[in-house]
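Beneath this line is the structure, given in structure tokens, with notes to follow.
Each value in this text was obtained by applying a stated rule to the coordinates, not by laboratory testing. Quick caveat, the model's predicted, so the values are computed rather than measured. Cβ placement follows ideal geometry from the backbone for every residue including glycine, while neighbour counts extend to all protein chains displayed.
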């Protein structure tokens, strides 16, 4: 395993990878990371933060965006039409989110609100909870009278990244339609300058809205993942190179270039790990993709655990919430997300028959 090395382009076309397993682990990493503030209060850091300056949840989000950049760019280049691309992105993001919001707003909310069911349903914030979170423009993390006395007085938390994810989808669409994916040298120069712009972050952040700064930060792993797809035929995956990238991060940690170094090291390592030989781990692909369900259900389930059983250590919160979250994720995948994706795939096939084609490659 230590000497295993491959060219990414030779192995990334099929499903013989561990992307599904990596996303599953990353989703649970977010659950583990959130157990500290949910159990002990807003602002509580998990142990990993004090060691490397980044939480387990932050690392997991970088992994999600890196993989998403790779897979979404691949999807754009292989879709039959712009419309089918948009339908696929909608199917992946919104049905699962919508059902989770209904579960949170109409089941957890009425059962736990201190206002009582009738007053809770009449409250304006109950309606805006669905509208604001589904539009992804300005997330609403609270519901009237729900979890207000808990250490972390919010029922949602993780979904703040989804608006930035959608913005990155839009970026791929704009770059693809503009033909930027064909000008890969120019694109690499732009990406390099974008990464180096982190040197000036202390100056930039004073003048930029915090939400735009979040998109600015999350777009970096997304674009690095996209670059891995575009340059897949020249990217050589090996452990020594991964060690080199991690060494660069260690040397640069504490500087303004620490984050770009972390993104590059994480992205490279996850692609190396994703294509290691291992038939046993490949069997995980047969189970389904439960990562999105884990991601959107974990936070409210973790809060519900505290509401039901009172104060508890983060480890106990993880132990109680993890299996319940997995059950919700399994149901979400098989009865909501997978049917939506099959519908999107059917739309792609019908559009291909109608001759609505585009290609970003000549």
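Summed over all non-identical Cα pairs, the Kirkwood treatment of the range 15-353 gives a radius of 21.2 Å.
Angle of helix 56-78 to the longest C-alpha principal axis of the chain, folded into 0 to 90 degrees and rounded to 10: 50°.
Residue-normalised convex hull volume from the C-alpha trace of the range 112-162: 66 Å³ per residue. If you take the square roots of the eigenvalues of the alpha-carbon gyration tensor of the range 259-308 and sort them as a ≥ b ≥ c, do you get rounded (a/c under 1.5), prolate (a/b over b/c) or oblate? It comes out oblate by the Cα gyration axes. Helix 160-177 and the longest principal axis of the Cα set of the chain meet at an angle near 30°. Taking label positions 7 Å along the Cα-Cβ direction at both residue 94 and residue 241, the computed distance is 3.9 nm, reported to one decimal.
Apply the a/c threshold of 1.5 to the C-alpha gyration tensor of the range 237-327 and tell me whether it is rounded, prolate or oblate. The shape class here is oblate. With a Cα-only, solvent-free Debye model of the range 193-349, what are the log10 I(q)/I(0) values at q = 0.14, 0.15, 0.18, 0.20 Å⁻¹? Values, matching the q order: -1.11, -1.18, -1.19, -1.17. Ranked by the mean number of other Cβ atoms within 10 Å per residue, highest first, peptides 199-207, 134-142 order as 134-142, 199-207.
Each peptide in 289-302, 45-58, 223-236 receives the mean, over its residues, of other Cβ atoms within 10 Å, and ordering these scores from highest gives 289-302, 223-236, 45-58.
Taking every DSSP helix (H) stretch of at least 4 residues in the chain, weighting each as -39,500 (n - 2.57) and dividing the sum by the residue count yields a mean residue ellipticity at 222 nm of -21500 deg cm²/dmol. Assign one of three labels to the range 42-95, namely rounded, prolate or oblate, based on the Cα gyration tensor with a ≥ b ≥ c the square roots of its eigenvalues; rounded applies when a/c is under 1.5, prolate when it is not and a/b is larger than b/c, and oblate otherwise. It is prolate, given that a/c is not under 1.5 and a/b is the larger ratio. The stretch between residue 13 and residue 178, if pulled fully straight at 0.36 nm per residue, gains 57.0 nm over its current Cα-Cα span.
With only the Cα atoms considered, the range 157-246 has a convex hull volume of 140 Å³ per residue.
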